[in-house]
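> Handing you this structure, nothing more for now.
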Amino acid sequence: MTKEELLAELYEATLVGNQPRVIELTNQGLVDGVTPEELLFDSLIPSLEEVGARFERGDFFVPEMLIAGKAMAKALEILRPLLAETGVEPIGKIVMGTVKGDVHDIGKNLVDIMLEGAGFEVIDLGVQVSPEKFVDAIREHKPDIVGFSAFLTTTMPMFKANINALEKAGLRNEVIVMVGGAPVTLEYANAVGADGYASDASGAVVRAKELIHQRALARR
Ligand code: B1M
């Protein structure tokens with residue numbers, strides 16, 4: 001099988017949620033020398049985008065979305081150690097979580113992996129994280145950054161609720177706030193008073209580094 005054929009077959013297998021085949025093709029790709037990034041960006045992510053498009057058109061329903069998501073998550077498990085390989089000293093600590101009311105975590109987990117790969121220590125609080133839980137985790141771990149992910153237009157307002165909770169707890173100036181997720185825009189991030197936003201995982205790494213650098217300069 002050529003690289004193009006493998007990537008195309010992986011795309012199809014993810015689209016229909018054929019988990020055993022996704023695992024097989026991901027492993028096969030790695031053996032054949034396809035890079036983790038190629039598997040991710042040229043096959044797995046575009047496939048989930050198509051799942052979303054079909055859901056919007058009414059061609060797919062929640063069960064189809066769920067099995068595709070699970071298949072993608074399995075591939076991510078295989079790719080995780082390869083994408084997060086790092087020997088460098090931690091360059092910062094980040095507490096991450098998907099906001100209350102939202103169960104999507106594939107995108108957040110990918111952000112975690114890329115941040116770890118870039119040398120960040122990541123404390124992941126999981127999904128459906130309440131403002132109180134974020135506040136407790138910031139008190140406990142004293143991170144440089146707290147990252148909120150939201151994947152639904154209905155859960156994006158939790159960013160503001162979380163920031164209000166940080167203010168109330170006297171923690172807003174202690175931590176940089178980053179936000180992201182499929183429906184989130186830079187304008188929305190600015191409107192809720194976040195310090196940073198990125199549209200994807202590699203952008204999140206770049207922005208996180210910039211924000212830490214800016215804060216170090218400001219504290220000099
Ligand atoms: Co849902 N879902 N879903 N879903 N789902 C979306 C998000 C949707 C866009 C599909 C669509 O209509 N096109 C739509 C939201 C529409 C909207 O509000 N604008 C939607 C909906 C409507 C729903 C339900 C309401 C469906 C229903 O029940 N009727 C329901 C909600 C459940 C809930 O949370 N309360 C629901 C449920 C589910 C499943 C559970 C079945 C499953 C989730 C599985 C899981 O995550 N464990 C699922 C899936 C798989 C999807 C789609 C198809 C794929 C999501 C994904 O993993 N994408 C999605 C369609 C789509 O996104 N095109 C969809 C791949 C991932 C790599 O990209 O998530 O964008 P993404 O993450 C990116 C960036 O957002 C960014 O970096 C990531 C990596 O590059 N990023 C950050 C993320 N966090 C960041 C944080 C940062 C910075 C960047 O800083 C801190």
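The values are calculated or read from the model by the stated rules, or taken from the named source; none is laboratory data. Given the structure is predicted, the values throughout are model-derived calculations rather than measurements. When we count neighbours, we look across all protein chains shown, and the Cβ atoms used for this are built from the backbone with ideal geometry, even at glycine. Protein only, heavy atoms only, side chains kept; ligands, DNA and RNA dropped before computing areas. Shrake-Rupley method; radii C 1.70, N 1.55, O 1.52, S 1.80 Å.
> Quick one: which of Ala118, Ala137, Ala169, Ala194 is of a type outside the set (Phe, Trp, Tyr) and either within 12 Å of the ligand (Cβ to nearest atom) or exposed (fewer than 15 other Cβ atoms within 10 Å of the Cβ) (or both)? Spell out how you get there, then give the answer.
Working: Ala118 fails: either within 12 Å of the ligand (Cβ to nearest atom) or exposed (fewer than 15 other Cβ atoms within 10 Å of the Cβ) (or both); Ala137 fails: either within 12 Å of the ligand (Cβ to nearest atom) or exposed (fewer than 15 other Cβ atoms within 10 Å of the Cβ) (or both); Ala169 fails: either within 12 Å of the ligand (Cβ to nearest atom) or exposed (fewer than 15 other Cβ atoms within 10 Å of the Cβ) (or both).
One residue alone meets the criteria, Ala194.
> When only residues in segment 77-119 that are under 17 Å from Glu210 (Cα atoms) and small (Gly, Ala, Ser) count, which is modelled with the lowest pLDDT?
In this case the residue turns out to be Gly117.
> Working only within segment 151-186, note down all residues that are closer than 23 Å to Lys93 by Cβ, in a loop (DSSP other than H, G, I, E, B) and not β-branched (Val, Ile, Thr).
Within segment 151-186, Ala169, Gly170, Leu171, Gly181 qualify.
> I need the full set of residues from segment 172-191 which are hydrophobic (A, V, I, L, M, F, W, C), over 15 Å from Ala118 (Cβ atoms) and either in contact with a Phe, Trp or Tyr (Cβ under 6 Å, 6 or more places away or on another chain) or near the ligand (Cβ under 9 Å from one of its atoms) (or both), in order please.
Step one: of segment 172-191, the residues hydrophobic (A, V, I, L, M, F, W, C) are 175-179, 182, 184, 186, 189, 191.
Now narrow it down to the ones that are over 15 Å from Ala118 (Cβ atoms): 175-177, 179, 182, 184, 186, 189, 191.
Within segment 172-191, Val177, Val179, Ala182, Val184, Leu186, Ala189 qualify.
Okay, residues lined up against (1) within 14 Å of the ligand (Cβ to nearest atom); (2) on the phi < 0 side of the Ramachandran plot; (3) in the same structural domain as Arg207 (by TED's automatic domain parsing):
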site	(1), (2), (3)
Thr14	yes, yes, no
Leu25	no, yes, no
Asp32	no, yes, no
Glu37	yes, yes, no
Leu40	yes, yes, no
Ala53	yes, yes, no
Glu56	yes, yes, no
Met114	yes, yes, yes
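Condition check ((1) of a type in the set (A, V, I, L, M); (2) in contact with a strand residue (DSSP E or B) (Cβ under 8 Å, 6 or more places away or on another chain); (3) at positive phi) across all residues:
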site: Leu171; (1), (2), (3): yes, no, no
site: Ile176; (1), (2), (3): yes, yes, no
site: Pro183; (1), (2), (3): no, no, no
site: Glu187; (1), (2), (3): no, no, no
site: Tyr197; (1), (2), (3): no, yes, no
site: Ala201; (1), (2), (3): yes, no, no
site: Arg207; (1), (2), (3): no, yes, no
site: Arg215; (1), (2), (3): no, yes, no
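> Only one of these conditions is not met by Leu76: (1) surrounded by 16 or more Cβ atoms within 10 Å (Cβ to Cβ); (2) more than 20 Å from Glu4 (Cβ to Cβ); (3) away from the ligand (no atom under 11 Å from the Cβ). Which number is it?
The failed condition is (3).
> Let me ask another. Quick test for you: out of Thr98, Thr26, pick the one residue that is open to solvent by less than 40 Å² (accessible area, probe 1.4 Å), in contact with a strand residue (DSSP E or B) (Cβ under 6 Å, 6 or more places away or on another chain) and hydroxyl-bearing (Ser, Thr, Tyr). It would help to see each step written out before you state the result.
Working: Thr26 fails: in contact with a strand residue (DSSP E or B) (Cβ under 6 Å, 6 or more places away or on another chain).
Selected residue: Thr98, the only one of Thr98, Thr26 that is open to solvent by less than 40 Å² (accessible area, probe 1.4 Å), in contact with a strand residue (DSSP E or B) (Cβ under 6 Å, 6 or more places away or on another chain) and hydroxyl-bearing (Ser, Thr, Tyr).
> Kindly establish whether Asp112 is part of a helix (DSSP H, G or I), of a type in the set (Asp, Glu) and in contact with a strand residue (DSSP E or B) (Cβ under 6 Å, 6 or more places away or on another chain).
Numbers: part of a helix (DSSP H, G or I): yes; of a type in the set (Asp, Glu): yes; in contact with a strand residue (DSSP E or B) (Cβ under 6 Å, 6 or more places away or on another chain): yes.
So Asp112 passes the test.
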